[in-house]
Amino acid sequence: MVLHIALEGVDGVGKTTQLEHLKTFFTKKKYKVTIIKQPNTQELIKFMQNYFLRQEELALIMAVDRLITYNSMRYFFDDYDIVFWDRSILSSYAYNTNENVDDKFITDINRYFPDMDLYIVIDNNEFLEKSDYQNDTVAGEQNIIMKYQKLVSENNNVKSIPYINGKENKVFESIVQTIYEYFPRCNWCGHVFKKNTENRKYCKKSCSDYAREEQNRINALKHYHEHKDEKPAKLGSYGANLHSHMNPDHEKEKQLIKNEKRRLRI
C-alpha cells in the first residue's frame, strides 16, 4: 500500500529542497516515488498573493485545491510506493486559523481529504532567531511555529524535526531516520510500508511469495540432508521425484534423483 508523507513548516525552511533529496534517496533504494505540491499550480499561488483574502477564504481555496489534486491523482497512487506532499492540511491549521477561524472549521472543510500516514514538521526556531525579519513578521511566524508545535504534541502521526541553519544534510538525515522509525519494514525487501493488519510482515504480495518460496526451499533442503543416507523409499513426500516408490529402472531412478537435487540446488 502506498505511503502518504507530508513535509510541513513555515516558509524558508527548505521543504522543497528536502523533498527533492528524499525523492532521489528513496528512488535509489528502489522505491517508486512522486511529489505533490500544495498549492498545486503557480496560477493559484499568484491569485492568492495578488488578492486580499480573509483567512477562511484562503482555507476554503486550499481545501478545494487539495481535494481536486488528490482526486485527480488517486487512480495513479498504486503506481508508487511513497507519495510525498509539499504541504498538507496542517498548513491550513497553522496559517489560516485566527480569532475568527478555529480548528473545527479547518477540519470540517477538509473532511473529504484523507489523513496522511505521516506528517513531518521542520521546526525552525533557530532559523527565526538568525533572520532579519521585521518584528511584526517575526511575531506572525512565531505564532505559526507555535501552532505547528501544538499539532505535534496532539497527534501521534505528526513528528517534529529541528531546523539546523546551514546544515541541510543533518536535517535530511533526521527526516529519513524519522520515516524509518515510524513505519515497519518488510521482512523480505526491507522497504518501509503501511500495515493494514497487525501481523502483516511484507510490503507486497510478491515479497510474501518470495519469502514463502525461499522458506520452502530451505525446508526441502533441510529435509534432504536429514534423510540423504536413507533409502529412497524413506525420503518422504518432499519433491515429486523423491517419493516412496522406487523406479525399477535404476538408471531412470538415478536421473530422477539428480533432477531433484538440481531443483533443490544441491
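Would it be correct to say that F172 is surrounded by 13 or more Cβ atoms within 10 Å (Cβ to Cβ), touching a His at 6+ places or on another chain (Cβ under 8 Å) and at pLDDT 90 or above? First the steps, then the outcome.
Working: surrounded by 13 or more Cβ atoms within 10 Å (Cβ to Cβ): yes; touching a His at 6+ places or on another chain (Cβ under 8 Å): yes; at pLDDT 90 or above: yes.
So F172 fits the description; yes.
Given the structure, is S92 closer than 25 Å to D123 by Cβ, more than 20 Å from the chain's Cα centre (by Cα) and hydroxyl-bearing (S, T, Y)?
Numbers: closer than 25 Å to D123 by Cβ: yes; more than 20 Å from the chain's Cα centre (by Cα): yes; hydroxyl-bearing (S, T, Y): yes.
When the stated conditions are applied, S92 passes them.
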From the list I61, I36, which residue is under 15 Å from the mean Cα position of the chain (by Cα), of a type in the set (A, V, I, L, M) and modelled with pLDDT of 90 or more?
I36
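Take residues that are free of Cβ contacts under 8 Å to residues at least 12 places away in the same chain and tell me which of the helices (runs of 4 or more DSSP H) falling wholly in the range 4-120 contain 3 or more. Give the steps one after another, and end with the answer.
Numbers: elements: 15-28, 42-50, 55-73, 89-95, 103-109.
It comes to 15-28, 42-50, 55-73, 103-109.
Return the only residue of R74, R87, R111 being closer than 27 Å to I161 by Cβ and among the basic types (K, R). Steps first, please.
Details: R74 fails: closer than 27 Å to I161 by Cβ; R111 fails: closer than 27 Å to I161 by Cβ.
Selected residue: R87, the only one of R74, R87, R111 that is closer than 27 Å to I161 by Cβ and among the basic types (K, R).
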Hey, among R87, R66, R74, which residue is in the same structural domain as C189 (by TED's automatic domain parsing) and on the phi > 0 side of the Ramachandran plot?
R87
Taking T197, is it out of contact with any helix residue (DSSP H, G or I) (no Cβ under 9 Å at 6 or more places or on another chain) and either at positive phi or surrounded by 15 or more Cβ atoms within 10 Å (Cβ to Cβ) (or both)?
no
Can you pull out every residue in the range 145-201 that is of a type in the set (A, V, I, L, M, F, W, C) and farther than 21 Å from P114 by Cβ?
I145, M146, I161, I164, V171, F172, I175, V176, C186, W188, C189
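Please determine, by comparing only the residues of the range 1-24 that are surrounded by fewer than 16 Cβ atoms within 10 Å (Cβ to Cβ) and at pLDDT 85 or above, which one is farthest from G140 (Cα to Cα). Don't jump to the end; show me each part of the working.
Keep residues of the range 1-24 that are surrounded by fewer than 16 Cβ atoms within 10 Å (Cβ to Cβ), which gives 1, 11-12, 16-17, 20, 24.
If we keep only those that are at pLDDT 85 or above as well, we get 11, 16-17, 20, 24.
Details: D11: 12, T16: 22, T17: 24, E20: 28, T24: 34 Å.
Looking at the filtered set, the residue picked out is T24.
Scanning the range 103-119 for residues that are among the acidic types (D, E) and surrounded by 12 or more Cβ atoms within 10 Å (Cβ to Cβ), which turns out farthest from L7 (Cα to Cα)?
D103
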Does the range 128-143 contain any residue that is surrounded by 12 or more Cβ atoms within 10 Å (Cβ to Cβ), part of a loop (DSSP other than H, G, I, E, B) and modelled with pLDDT under 95?
yes
Of (1) more than 26 Å from Y202 (Cβ to Cβ); (2) under 17 Å from the mean Cα position of the chain (by Cα), K30 fails just (1)
Condition met for N187 (assigned by TED's automatic domain parsing to the domain that holds D79, polar (S, T, N, Q), surrounded by fewer than 15 Cβ atoms within 10 Å (Cβ to Cβ) and modelled with pLDDT under 85):
no
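The values are calculated or read from the model by the stated rules, or taken from the named source; none is laboratory data. Worth saying up front: this structure is predicted, and the values here are computed from it rather than measured. With ideal geometry, Cβ positions are generated from the backbone for all residues, glycine too; neighbour counts draw on all protein chains shown.
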